[in-house]
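The structure appears right after this line, and notes come after that.
Rule-based calculations on the coordinates, nothing more; no lab input. Predicted model, so just to flag it, every value in this text is computed and none were measured. Reconstructed Cβ throughout: ideal geometry from the backbone, glycine too, with neighbour counts over all protein chains shown.
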Amino acid sequence: MTPKPTLLKIFDWLSVICLIVATYLALVFAPTELVMGQVQRVFYFHIGTAWVGLLGFIFSALLGIVYLVTKDMKWDIVEVAAVEISVVFFFITIVLGAIWARPAWNTWWTWDPRLTTAAITELVYVAYFMLRAGIEDPDRRARFGAVYALLGGLSAPITFMAIRLFRSIHPVIIGAANENQEKMSMSGDMRVVFFFALFAFTVIFIDLFWNRIRLGQLQEKVERLKLKVM
Amino acid sequence: MIEVKKLVKRFGMKAVLRGLDFNVQPGEFVALLGPNGAGKTTFLRILASLSRPSLGDVNVAGYRLPNQAAQVRARLGVVSHLPLLYADLTAEENLDFYARMYGIPDAPSRMTEVLQMVGLEARRRDLVRTFSRGMQQRLAIGRAVLHDPEVMLFDEPYTGLDQDASSMLDEVLKSVAAQGRTVVMTSHDLARSEDLATRFDVLSRGVIVASASRESLGNANLLTFYKQALAA
Amino acid sequence: MQLRPSFLKATLAVVRKDLSAEFRSRELLSAMLVFSMLVILIFNFALELEPATRKEVSAGVLWTTFAFAGTLGLNRSMAVEKDRGCLDGLLLAPVDRSAIYFGKVISNLAFMFIVEIIVLPIYSMLYGINLFNPGLLLVILLGSIGYIGVGTLLASMAVQARTREVLLPILLFPIVIPVLLSAVKASSGFLTGAPMTEIMPPLNLLIVYNLIFLAIAFMTFDQVVEE
């Protein structure tokens, strides 16, 4: 068995440290938001996990295209890794969002574009895994997975736009806010925590992604060894 | 007519065909024998352009697969153990559909010709749903020869047929072969193959392990040859 | 005789074959129609369709009905190809794979339209709403194209999986949500007489979705049917 690369080991430790620091910053360092109070602290992780989920989602769609063009199984392994990480982080995002929404909007769930799109995206992933589970031939499984990841990646932004045709109450954090949306303002310290959380989750994403790809490669190796023995 | 060099087909990491070499001269009728799971159907699906080779060269009727698949398909007729026919269409409508898919000129007269050949002229306006298994299989052959292909592939054509239906199928297959076509047939029924084929190849564990023409086999028993090939 | 049919001829051959088989057996259409009627009846009990809110709710009820009936039709239409090896028969023909895709799309669309043409007047009659609005018909046309376009591609994947019929709605619904959403929005806009400025965004979205997804399906269909 190939030993774990040193860089990956460094990333493992870095992720743990980042997570601890981000937790400290979010829970202790960041000032309490005036309107929403303590619960606003969940927002830093909410954004962090959402960012990672989105990243994995975009990766999986692009990797789907790469697989369909190259037909090289290694891209399928990477694609599955991206989808798996995304499905977990999107789930965390939705749960954190609900925790935030309860005091902020006085409801666990609203049919806001972002929330709804996140939920639908989560369902696309579940469907993705159900599709893969139903196919025996690895090449066909990889091809169908790639086509479906591509379709999902294209439909998600359109779903978002479609739901946006209805009114939204989700605050816009960065960039231009619509006139009908409340804008959340951040102090300097909050910004530090916000960007550190983004950085921390990016590191965690890279680490998990790398480890998951490695796991996929090892699984493939085990299959190959099994065939040799038989 | 068919040239296959070092063909490898993998499903995932499992290699079904492992460096298979196979050549067929025009007009030959090759029976491809082998136990279940030897890779016969996989091999035939690759020749039929339905499955892509993982490695190796495959040429059928002078065209390379998979790049020139469309040219190969126009010169190829396939009969499998599934009928490839629509149950809710009549015999005639099924043939008419495939005639359109192959762009056959003067389809009505060709259809009549084919229906006579497979002995279903009287049932041309009946739904395929009402046909017996044997009749469906004969119509499937009619469908496969409709565009007058140079190469024909039969994948276990006798599956599910009774004695009478098999004998009738024999006649049809003989007349198909008699028209100078190149035929490759997989079968585990040695007796049927013995009557029809001019050459016998044994496929085992993804490669051709033995090949003998009818002449070289002489008076020797096909079953003996087959068993020796598998034991080697 | 090495002639190959043109793209259009091959597409039309598939459509002609599907239509004549269906007009003989009427299995698919009758299943879709009976199912549509049942869905509308169930909605009647579930939603207590009051005269006052009918106009707003009707668009949603209609599109849900079409979507459910549509999966039934799509499943059946692809299962017919798969069961007796006919899909192989299609793939063995010297025609472009996308011609087969468009042929299946057109015949599935035809079945969908037939169901819609029958359901609409019945719904009008049952609930006393005039559904013969050219705008609404346009939305139904565009929405059905998007739904069937993606549905045909996904149905040809689903029939090759172990779980088959169960899989199609699970694969299809999350992907066609933009179609259903904008179709419902545009339909209710037309039914309630909303201004065109409100109806145009969902209509544009439908057109954009259709163009993108038909193009993607066109490019990926051969990957889905070949080995």
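Structure above, values below:
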item	result
Contact order relative to length of region C:7-225, as percent, for alpha carbon pairs under 8 angstrom and 6 or more apart	27 percent
Alpha-carbon spread of chain A, three principal axes, descending order, Å	66, 42, 26
Residue-span extension gain [B:Thr159 to B:Ser109] - 0.36 nm each, minus C-alpha spacing	15.0 nm
For chain B, radius of gyration divided by Kirkwood radius, i.e. Rg to Rh on alpha-carbons	0.97
For region C:7-225, radius of gyration divided by Kirkwood radius, i.e. Rg to Rh on alpha-carbons	0.98
Options B:Thr130, B:Ser204, B:Gln179, ranked by Cα towards positive dipole end of chain B, top entry (Cβ charges)	B:Ser204
Residues listed by number, region C:142-180, amide nitrogen under 20 Å from C:Asn204 label point at 7 Å toward C-beta	C:142-143, C:146, C:178-180
Dipole moment magnitude, nearest 20 debye, chain B about Cα centre, only Lys, Arg, Asp, Glu C-beta charged	1000 debye
Cα-based shape type of the protein assembly as shown, given that a ≥ b ≥ c are square roots of the gyration tensor eigenvalues and the cut on a/c is 1.5	oblate
Virtual spin-label span in nm between C:Lys55 and C:Leu138, 7 Å along Cα→Cβ	1.9 nm
Test item: B:65-72 mean partner chain Cβ contacts at 10 Å	2
Cα-Cα pairs of region B:131-196 separated by more than 15 Å (percent)	48 percent
Listed residue (B:Met152, A:Phe199, B:Tyr86) projecting farthest to the positive dipole end of the protein assembly as shown, Cβ model	A:Phe199
Too-long pairs where the Cα-Cα distance tops 18 Å, listed order kept, from B:Lys9/C:Lys82; B:Lys174/C:Lys82; A:Lys228/B:Lys14; A:Lys71/B:Lys5; A:Lys74/B:Lys5	B:Lys9/C:Lys82; B:Lys174/C:Lys82; A:Lys71/B:Lys5; A:Lys74/B:Lys5
Listed residues A:Val88, A:Leu8, A:Val42: farthest to the positive end of the dipole of region A:1-100 (Cβ charges)	A:Leu8
Size of region B:86-148 as Cα extents on the principal axes (Å, biggest first)	29, 21, 17
Residue-averaged beta-carbon neighbours from other chains (10 angstrom radius) around A:61-68	1
Average beta-carbon neighbours from other chains, 10 Å sphere, peptide A:147-159	6
Within region B:194-232, trypsin sites (Lys or Arg not before Pro) in DSSP loop having at most 10 other beta-carbon neighbours inside 10 Å	none
Under 16 Å from the A:Lys9 label point (7 Å along Cα→beta-carbon), backbone N, region A:192-230	A:211
Convex hull volume per residue in cubic angstrom - Cα atoms of region A:1-93	113 Å³
Folded to 0 to 90 degrees: helix B:91-101 orientation relative to chain B principal axis, Cα	70 degrees
Rounded to whole Å, sorted largest first: equivalent-ellipsoid semi-axes of region C:121-227, Cα gyration tensor	31, 17, 10
Charged-residue dipole, Cβ positions (Lys, Arg, Asp, Glu), the protein assembly as shown about Cα centre, Debye nearest 20	1100 debye
Considering only the protein assembly as shown, percent of DSSP beta bridges that pair antiparallel, nearest 5	55 percent
³J(HN,Hα) computed for each position of region B:131-146 - Karplus, 6.51 cos²θ - 1.76 cosθ + 1.60, integer Hz, glycine/proline x	7, 6, 4, x, 5, 4, 5, 5, 5, 4, 5, x, 4, 6, 9, 3
Whole-angstrom gap from region C:149-227 to region A:1-78, using each part's C-alpha centre	31 Å
For region C:1-38 and region A:83-155, distance of Cα centres in Å	35 Å
Trypsin sites (Lys or Arg not before Pro), loop per DSSP, at most 13 other Cβ atoms within 10 Å - longest free stretch of chain C	C:27-161
